[in-house]
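Right, one structure below, let's go through it.
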Amino acid sequence: MRALAWLPLPVLYALSDGAFLFFYHVVRYRRRVVRQQVTECFPEKSAREIVELERRFYHYLCDLIVEIVKLPRMPLEEVNRRIEWVGIDTLVESLETEQRATCVACLGHLGCWEWLVSVAQHVPADLTVGQVYHPLRNQDVDAHFLTMRSRFGGVNIPMKQTYEHIAAMQATGQREVVVLLSDQCPKFKSMYHWCDFLHHKTSFYMGSERISKQTDATVVYLDVTRPRRGYYRAAIVPITSTPQETEEFEITNAFVQLLEDNIRRQPEIWLWTHKRWKRTYEEWVEWKENNRK
């Protein structure tokens with residue numbers, strides 16, 4: 001990864017084109033998972049449209065890999081040229097006006113989320129940007145990603161320490177934007193709320209809602225699109241600035257709706273190889289009944 005990072009992006013995209021042929025036609029990496037999920041999520045699409053969407057996704061997936069590989073050696077100027085940020089000034093102004101210390105920014109696995117850590121360079125120096133992460137088992141790979149994610153000034157926050165981190169920052173008066181990837185599939189014991197999402201009954205982690213209510217943090221959604229290869233647009237969409245006044249699950253439902261709208265506009269840039277519905281509502285009900293006995 002370190003060696004490939006020295007190559008210019010055009011060369012890496014050429015390698016990506018070759019990787020697409022290998023992963024899609026030869027290895028057929030998770031083709032069955034992708035085909036099943038795309039077909040179930042878009043029942044209105046024809047078989048031909050499903051195949052075309054699938055191919056576009058695998059092209060994007062290979063591009064995503066080389067974009068992540070490139071990031072450690074990617075100059076800040078080039079990252080800034082390739083990402084259009086929308087709404088940052090409005091968010092900073094609203095945090096100052098409403099005297100909010102913390103903002104929770106939710107997003108899904110759309111586009112090259114690793115490039116988005118550069119947002120720390122677009123906010124005032126007195127506003128910290130922290131990204132929540134799940135530590136990897138391989139310590140060398142984990143260290144590589146932590147270094148990569150912090151090179152633009154962001155702070156890495158272990159997932160299980162998110163609330164403690166925010167509370168400590170607030171205690172010192174430090175303002176912060178905390179970025180959370182919130183579209184993962186939770187384990188049965190972490191399932192509390194089910195909603196309709198892409199024609200599936202789906203459960204989401206409640207971390208964003210619970211943390212924002214506990215810390216009285218503004219909540220926004222990060223809408224990510226890919227206008228063309230190698231370029232992204234990230235728009236900040238407000239969800240609520242008064243989380244403690246919202247109903248239970250209101251913040252989560254708002255996030256889910258924004259995420260689905262985002263995916264439907266450009267479905268090929270969502271991570272379809274992830275088994276999003278490997279745990280179903282029926283299985284959860286059975287698990288819950290068994291654990292009551």
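The values are calculated or read from the model by the stated rules, or taken from the named source; none is laboratory data. Nothing here was measured: the structure is a model prediction, and the numbers come from that model. Don't worry about glycine lacking a Cβ; one is built from the backbone with ideal geometry, like all the others, and counts go over all protein chains shown. For accessibility, only protein heavy atoms count, side chains too; no ligands or nucleic acids. Shrake-Rupley method; radii C 1.70, N 1.55, O 1.52, S 1.80 Å.
Some values worked out for this structure:
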| quantity | calculated |
| --- | --- |
| Distance between modelled label sites at residue 31 and residue 143, nm, 7 Å Cα→Cβ extension | 3.9 |
| Share, in percent, of DSSP beta bridges within the chain that are antiparallel, nearest 5 | 35 |
| Accessible area (Å², 1.4 Å probe, nearest 10) - residue 269 | 0 |
| Residue order for 279, 48 - accessible surface, 1.4 angstrom probe, largest first | 48, 279 |
| Cα Rg, Dmax (largest Cα-Cα span) when computed across region 164-229, Å | 15.1, 44 |
| By accessible area with a 1.4 Å probe, ligands and nucleic acids excluded, highest first: order of 169, 1 | 1, 169 |
| Rounded accessible area of residue 192 (nearest 10 Å², 1.4 Å probe) | 120 |
| Top of 100, 82, 265 by mean-square fluctuation, Gaussian network on the chain, Cα under 10 Å | 265 |
| 31 Å Cα-Cα threshold exceeded, pairs from 189/213; 45/189; 45/160 | 45/189; 45/160 |
| Per residue value of the accessible surface for the chain (all protein chains in place, 1.4 Å probe), Å² | 51 |
| Trypsin sites (Lys or Arg not before Pro) restricted to region 184-255 and DSSP loop, no more than 16 other C-beta within 10 Å | 187, 229 |
| Accessible-area value, residue 96, 1.4 Å probe, nucleic acids and ligands omitted, Å² | 100 |
| Principal axis dimensions, region 196-293 - Cα atoms, whole angstrom, descending | 53, 35, 18 |
| Candidate residues 162, 39: accessible-area rank, largest first, probe 1.4 Å | 39, 162 |
| Accessible surface of the chain, 1.4 Å probe, proportion on carbon and sulfur as whole % | 52 |
| The chain pair-distance distribution - Cα-Cα, 10 Å bins, rounded % | 6, 26, 35, 25, 8, 1 |
| Relative counts (whole %) of C-alpha pair distances in region 3-61, using bins that are 10 Å wide | 21, 43, 24, 10, 1 |
| Cα-based Kirkwood hydrodynamic radius, region 1-158, one decimal, Å | 18.1 |
| Label-zone membership for region 258-280, site residue 45, 7 angstrom Cα→C-beta point, backbone N under 13 Å | 263-273 |
| Region 102-225 - Rg (one decimal) and Dmax (whole number), Cα, Å | 14.9, 44 |
| Nonlocal amide H pairs with residue 84, under 5 Å, H built at 1.01 Å | 232, 233, 234 |
